[in-house]
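The values are calculated or read from the model by the stated rules, or taken from the named source; none is laboratory data. Note that the coordinates shown come from a computational prediction; the quantities given were computed from them, not determined experimentally. Virtual Cβ from ideal backbone geometry, glycine too; neighbours counted across all protein chains shown. The accessibility values were calculated without ligands, DNA or RNA, using every heavy atom of the protein model including side chains. Shrake-Rupley method; radii C 1.70, N 1.55, O 1.52, S 1.80 Å.
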Amino acid sequence: MVTKAEQRSAQAAEFYVYRLRKQFDEVSARTFPTGQSSVQKVLNLVDGLLKTAEKRLTPSRNNPQTAATIEDAFDCAREAYYLLQLMEGSDVSDLDHSAVSPMQRWFTGLVSPQRTIFFRAENVANYEIRSIDKISYSGIRKRSPALTKAISAIRWPLTRVTVPTRALSILPHLSIVAHELGHVIYRGSPANSIESAVNSALVANKPRIDIAFQQFLVHAQNHLGTKFDARLVATIGNRILFGASGRSAGWHEEIAADAIAFALTGPAIFFALSDMLSFISKSDLYSQSHPPTYLRRKFLFELLGSQKYDFVGMIEKHLGEDVTQDFNSPLMPALRNRDDLFVAFENRVGSEMAAVLSGLPIVVEVTGPIVCEAVQNHFDSRPKFRKHRYTPNKFGNDLDNYLVPVLAGVPPIETGNDLSNLEAAEFATILNVGWIALLCRLQDFMPKAAQSSLPNGEKSESLHRLLIKAVELSEIKRQWDEI
């Protein structure tokens, strides 16, 4: 027999579940990107949770209402509301739906064909990836058949990718999604992961890294004096570099994710990350979770101009322009000297963490290129990864075939020399041709006469719409070829 207080609690639970069912019905009626089947799987999961809650709140002879059944209903309602919150921005009103399928192919091709992934847009200057584990639902008792089926249909962990919406929903920026993908594939299977390849490369270069790490410790000692604890400083530094096991990514993983995005999208990630990071902050300060933006750009630029992947030479050959590290990010501030950084950080995080953060660039300037090279070698040595690489030759062909037509308002849709056997243009192709047109040939782009007082802004917007159309039509071409 439930108490009066428990009866009132049950009434509250019924009210919550009723309102959640109404919200669920409204969300289900929205239009979601074609081919984004994972959204339906999330909706089925919400529906299963609500049916379980409704069942627990409907007493019967075999299912009397108790404090436990009321608690179960609240648990299901809480999880359902959380999932609905996670889905905000996943319908076509906020998300450039044409870009969802090619971004999903990155994940299914490099992670798992069955991975349950959905995309959503949020009105923030941020790209993010979040995983939801199956364990969140393991404690739910007496699940409804709908919930059991929904849980089984998902390839866990359920993965959500967030991209900006509204003003910052810029198609060429979507190469940053390849960075988020980098976090997923970085660890992979323990025996054959990019993380293992990176760590092996770091061990092989240990003498050089040890010298840099000693300089880092000397820097910390100079600022901490009698408070200096070499073991503690080294532990904190290594935690920031390598991440806390199972929790934070670490600076090396962030750099590796940039390098993975470079392998997949070439120059596009250099342009996109330089542009986005400059917009987000004008400060040279950084955090425990992400290395200095100035160094991230530097490492990507070194890849861009490396002897093996000489995109810089390809750009200069085709466009006759010098390519510099600040090519499209001249406002990104360089790092201050280490002593000034210590003072700036000390006011924010205290002397101990300030000593660590201000000194770690000494180490990362050595380890960053090692991490990047290990990632590239991993991609080149494994067919699964190699077939997704965006090469300088591909880049040169794309500029030859598509740049002039794009400037004339013709979107890149198909590729190939045989008119009877043309293939759909790749997403990386559209991203890179778009960036070159946007950064280097905008003056030659000829949309309708500009009506704005900021004609370059209006031209850029017209080019952006053309690139979205290119993705949309190339995806239609791809779907047609698969019939």
Okay, helices (runs of 4 or more DSSP H) sitting entirely in region 22-140 with 3 or more residues that are farther than 22 Å from Val161 by Cβ, touching a residue at least 24 places away in the same chain (Cβ under 8 Å) and in contact with a Ser or Thr (Cβ under 8 Å, 6 or more places away or on another chain), I get 37-56, 67-87
Would it be correct to say that Val163 is touching a helix residue (DSSP H, G or I) at 6+ places or on another chain (Cβ under 9 Å), in a strand (DSSP E or B), among the β-branched types (Val, Ile, Thr) and closer than 14 Å to Ile117 by Cβ? yes
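Filter region 388-420 down to residues that are of a type outside the set (Gly, Ala, Ser) and farther than 20 Å from Val433 by Cα and give me whichever is most open to solvent (accessible area, probe 1.4 Å).
Within region 388-420, the subset of a type outside the set (Gly, Ala, Ser) is 388-395, 397-407, 410-415, 417-419.
Next cut, farther than 20 Å from Val433 by Cα only: 418-419.
Numbers: Asp418: 80, Leu419: 151 Å².
The extreme case among them is Leu419.
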Mind checking whether some residue in region 352-368 is farther than 27 Å from Gln479 by Cα, buried (at least 21 other Cβ atoms within 10 Å of the Cβ) and among the polar types (S, T, N, Q)? yes
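Considering Gly350, Gly396, Gly359, which residue is more than 26 Å from the chain's Cα centre (by Cα) and not assigned by TED's automatic domain parsing to the domain that holds Thr293? Talk me through it step by step, then tell me what you get.
Values: Gly350 fails: not assigned by TED's automatic domain parsing to the domain that holds Thr293; Gly359 fails: not assigned by TED's automatic domain parsing to the domain that holds Thr293.
After ruling out the rest, the residue left standing is Gly396.
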Restricting attention to region 64-73, does a residue exist that is within 31 Å of the chain's Cα centre (by Cα), assigned by TED's automatic domain parsing to the domain that holds Phe24 and of a type outside the set (A, V, I, L, M, F, W, C)? no
Scanning region 294-315 for residues that are open to solvent by 30 Å² or more (accessible area, probe 1.4 Å) and touching an Asp or Glu at 6+ places or on another chain (Cβ under 8 Å) gives Tyr294
Are there any pairs with C-beta distances below 6 angstrom linking a residue in region 400-415 that is without any contact (Cβ under 8 Å) to a residue 24 or more places away in the chain to a residue that is surrounded by 21 or more Cβ atoms within 10 Å (Cβ to Cβ) and assigned to a loop (DSSP other than H, G, I, E, B), with the two at least 6 apart or on different chains, and if so which? Thr415/Ala425
Got a number for residues in region 316-350 being small (Gly, Ala, Ser) and buried (at least 18 other Cβ atoms within 10 Å of the Cβ)? 1
Please state which one of Leu431, Leu439 is open to solvent by 40 Å² or more (accessible area, probe 1.4 Å) and either at pLDDT 90 or above or of a type in the set (D, E, K, R) (or both). Leu439
